[in-house]
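A single structure is presented below for examination.
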Amino acid sequence: MFTGIVQALGRVTAWERKSQDARLYLTSPALDVSKISRGESIAVSGVCLTVTDIQANVLGMDVSAETLARSTLRYVRPGDEINLETALTPVSRFGGHLVSGHVDGIGEIVSREQSGNSVQLMIATPLRLARYIAEKGSICVDGVSLTVNGIAGADFNVMIIPHTLQVTTLKHLTPGSRVNIEVDLVARYLERLMLGASAADANDPGITQDLLVRYGFLNDP
């Protein structure tokens, strides 16, 4: 589990395609590799990967066919800069929002506009993700926890402050750039509950509007 607060910038040192899978090697001067063990999870531009090899200051990770299909990792090349975040510990500061590192889809930058010292990005997402995106809600873009400022169909805009621009790869984004999108984890589970899809009990309707009204969460129309 992660929070979407990028800890370091890294760089891809090698990229090996193996049939349907791939192997990624990266390094980061700002990341203390001595504290990372094989089997540990690291968010790489928003994608949760497992460290399978450590050689000096280079980390090796396997990338499955599913991950390649769902994320922008299939586009990376040696020399590319990436956002890195190590997994949460019981004493970690919770600065962003709950991020699983399981990418829901790929978004595309529609526009980039300067707003004072900050930058406003408009991002288009697959239509199937639109229902999970809410104004003032949380969203993860390339591993960065951001607040949704506004929505228009399946598009949404976010404001990137100078600090975030400085310490993440978001500074490189321009119209046409592709980014990894992970919607709010809570929204996904809430939808599942609202649909009443319970494999354990097919007769359990889950959380319905009537149930919410009954317990005072909604005004009875």
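The values are calculated or read from the model by the stated rules, or taken from the named source; none is laboratory data. Keep in mind that what you see is a predicted model, and the values were worked out from it rather than measured. Here the Cβ positions follow ideal geometry from the backbone for every residue, glycine too, while neighbour counts run over all protein chains shown. Heavy atoms of the whole protein, side chains included, go into the accessibility calculation; ligands, DNA and RNA do not. Shrake-Rupley method; radii C 1.70, N 1.55, O 1.52, S 1.80 Å.
Residues to consider are 116, 101, 105; find the one that is free of Cβ contacts under 8 Å to residues at least 24 places away in the same chain and farther than 14 Å from residue 157 by Cα.
116
Give the number of residues within the stretch 169-190 that are open to solvent by 50 Å² or more (accessible area, probe 1.4 Å) and either more than 19 Å from residue 110 (Cβ to Cβ) or modelled with pLDDT under 75 (or both).
Going through the stretch 169-190 one residue at a time, the tally reaches 4.
So the check is Cβ under 8 Å with 6+ separation or different chains; which pairs have a first residue in the stretch 124-148 that's within 21 Å of residue 44 (Cβ to Cβ) and a second one that's aromatic (Phe, Trp, Tyr)?
125/156; 139/156; 143/2
Mind listing whichever residues of the stretch 154-168 are more than 17 Å from residue 104 (Cα to Cα), without any contact (Cβ under 8 Å) to a residue 40 or more places away in the chain and not in a helix (DSSP H, G or I)?
Hits for the stretch 154-168 are 157, 158.
Identify, please: which residue in the stretch 46-89 is surrounded by 20 or more Cβ atoms within 10 Å (Cβ to Cβ) and small (Gly, Ala, Ser) and is, among those, farthest from the chain's Cα centre (by Cα)?
The residue in question is 71.
I'm trying to understand the selection: among the residues of the stretch 90-139, which are surrounded by 15 or more Cβ atoms within 10 Å (Cβ to Cβ), β-branched (Val, Ile, Thr) and part of a loop (DSSP other than H, G, I, E, B)?
103, 125, 133
Which residues, counting only those in the stretch 152-163, are surrounded by fewer than 16 Cβ atoms within 10 Å (Cβ to Cβ) and in contact with a helix residue (DSSP H, G or I) (Cβ under 9 Å, 6 or more places away or on another chain)?
Within the stretch 152-163, 153 is the sole residue that qualifies.
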